[in-house]
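Below is one structure, written out as structure tokens; comments come after it.
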Amino acid sequence: MSHAGLAVVRQLVAVVARTFYKDEYIIALDYLNWHEIARIDVLSKHLRVMTREAYRIFYDLEKHKLVQHILRQDDVVINSPFQRTRKSVYFYIDYRKFVDVVKWRIWKLQGQVQLRTEKEQKNVGYDCPDCKKHFNKMEVLSLMDPFTGMFKCDYCSGELVDNTVLEMELKSRKELTRFTMQTK
């Protein structure tokens, strides 16, 4: 990955952290973003939390597929002629996987927004207040009373009420266009 590309991905990590996560997660992702890999005890000191709490934070981020962990054998030297090894957990950000996860989540979010917009557009039409029957815009064209110029229910002959919520429809469209513009 080129230096310019790495800078863009690091900025993406910062934006995703600040947009979707709490402060402790932001600090954790920022630390890994600039130090690339870190042992859990160093991360807990940086976050100023106990190691158990640091594990919880990083396993949550790992569950969201934003960070990964590896186990390494570290040499521990104690004031003796003997040397021990211990397993240490290191966390890091795999930038390619991070970008793929963000792309997938944006795609899913865009699908949800689009589905909600389509659902709101389908509910637009006319309702009969007497028998509670619903008519869409195409069905109501054949229900117009030529003498009064009003739409009448075909079941109970009650006057139909327009249930078009123009504000909600406009809000949904604006939200979809804003989301599309922000993700480009």
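At-a-glance table
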quantity	calculated
Residue match in the stretch 88-106 (condition: in contact with a Ser or Thr (Cβ under 7 Å, 6 or more places away or on another chain), within 29 Å of residue 176 (Cα to Cα) and in contact (Cβ under 8 Å) with a residue 40 or more places away in the chain)	yes
Residue match in the stretch 28-37 (condition: aromatic (Phe, Trp, Tyr), within 27 Å of residue 104 (Cβ to Cβ), in contact with a His (Cβ under 7 Å, 6 or more places away or on another chain) and modelled with pLDDT of 90 or more)	yes
Selection within the stretch 143-153 - in contact (Cβ under 8 Å) with a residue 12 or more places away in the chain and outside any strand (DSSP E or B)	143, 153
Failed condition for residue 90, given (1) of a type in the set (Phe, Trp, Tyr); (2) more than 28 Å from residue 3 (Cα to Cα); (3) in a strand (DSSP E or B)	(2)
Flag for residue 56 being open to solvent by 60 Å² or more (accessible area, probe 1.4 Å) and over 26 Å from the mean Cα position of the chain (by Cα)	no
Criterion: closer than 21 Å to residue 103 by Cα and surrounded by 14 or more Cβ atoms within 10 Å (Cβ to Cβ) - qualifying residue of 42, 49, 13	13
Filter result for residue 184 (at negative phi and modelled with pLDDT under 75)	yes
Sole residue being closer than 21 Å to residue 106 by Cβ and not in a helix (DSSP H, G or I), chosen from 6, 61, 66, 71	66
Residue check for residue 103: of a type in the set (Lys, Arg), part of a helix (DSSP H, G or I), open to solvent by less than 90 Å² (accessible area, probe 1.4 Å) and modelled with pLDDT of 85 or more	no
Within the stretch 111-155, tally of residues that are open to solvent by 60 Å² or more (accessible area, probe 1.4 Å) and under 28 Å from residue 15 (Cβ atoms)	4
Residues satisfying the stated conditions in the stretch 1-53, i.e. touching a residue at least 40 places away in the same chain (Cβ under 8 Å) and in contact with a strand residue (DSSP E or B) (Cβ under 7 Å, 6 or more places away or on another chain)	32, 36, 37, 38, 39, 40, 43
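The values are calculated or read from the model by the stated rules, or taken from the named source; none is laboratory data. Quick caveat: nothing in here was measured; it's all calculated off a predicted structure. Cβ: placed from backbone, ideal geometry, glycine included. Neighbour counts: every protein chain shown. When the accessible area is computed, the model is the full protein with side chains, heavy atoms only, and any ligands, DNA or RNA have been set aside. Shrake-Rupley method; radii C 1.70, N 1.55, O 1.52, S 1.80 Å.
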